[in-house]
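Structure, as C-alpha cells:
What follows draws every value from the coordinates through simple rules; no lab data is involved. None of these values were measured; they are calculated from a predicted model. So basically every Cβ, Gly included, is an ideal-geometry build from the backbone, and we count neighbours across all protein chains shown.
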Amino acid sequence: VNKMDSTEPPYSEPRFEEIKKEVSSYIKKIGYNPAAVAFVPISGWHGDNMLEPSSKMPW
C-alpha cells in the first residue's frame, strides 16, 4: 500500500487496515485468495519500508 506518508495522520495503521480490507474484498471478487496476498505499507516518495523496515511504521 503506497503513499502511507499521505494519510492523516501520516503513516496511519488504521488507514492501512481500511485500505487492506477494501482491496481484500476486491481481490476475493476476482477469484484470488486475499490470505495469499502480502500487504506492505510503504512510502515510495520517501522510500519508507521499501528496502528496509521503517521506524515510521513499526506496527
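Excluding residue 48 itself, what net charge comes from residues whose Cβ is under 12 Å from its Cβ, given Lys and Arg +1 and Asp and Glu -1?
On the way: positive: 3, 56; negative: 5, 52.
Result for the neighbourhood of residue 48: 0.
Tell me, what is the percent relative contact order of the chain, built from C-alpha pairs under 8 Å that lie six or more residues apart? Each step should come with its number before you reach the end.
Working: 48 pairs, mean separation 22.7, N = 59.
Normalised by residue count, the contact order of the chain is 39 percent.
Give me the net charge for the shell around residue 15: Cβ to Cβ below 15 angstrom, other residues only, Lys and Arg +1, Asp and Glu -1. Please list the in-between numbers first.
On the way: positive: 3, 20, 21, 56; negative: 5, 8, 13, 17, 18, 22, 48.
Result for the neighbourhood of residue 15: -3.
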Computed [θ] at 222 nm, helices only, for the chain once each DSSP H run of length n ≥ 4 contributes -39500 (n - 2.57): -9500 deg cm²/dmol
Between helix 13-29 and the chain, what is the angle of the helix's C-alpha long axis to the longest principal axis, kept within 0 to 90° and rounded to the nearest 10? 30
Along the principal axes of its C-alpha atoms, what lengths does the chain span, in descending order and rounded to whole Å? 34, 24, 19
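Using 0.36 nm per residue, how much length does the chain from residue 36 to residue 24 gain when fully extended, once their Cα-Cα distance is taken away? Mind dumping the intermediate values first?
Values: separation 12, 0.36 × 12 = 4.32 nm, distance 1.02 nm.
Stretched fully, the residue 36-residue 24 segment lengthens by 3.3 nm.
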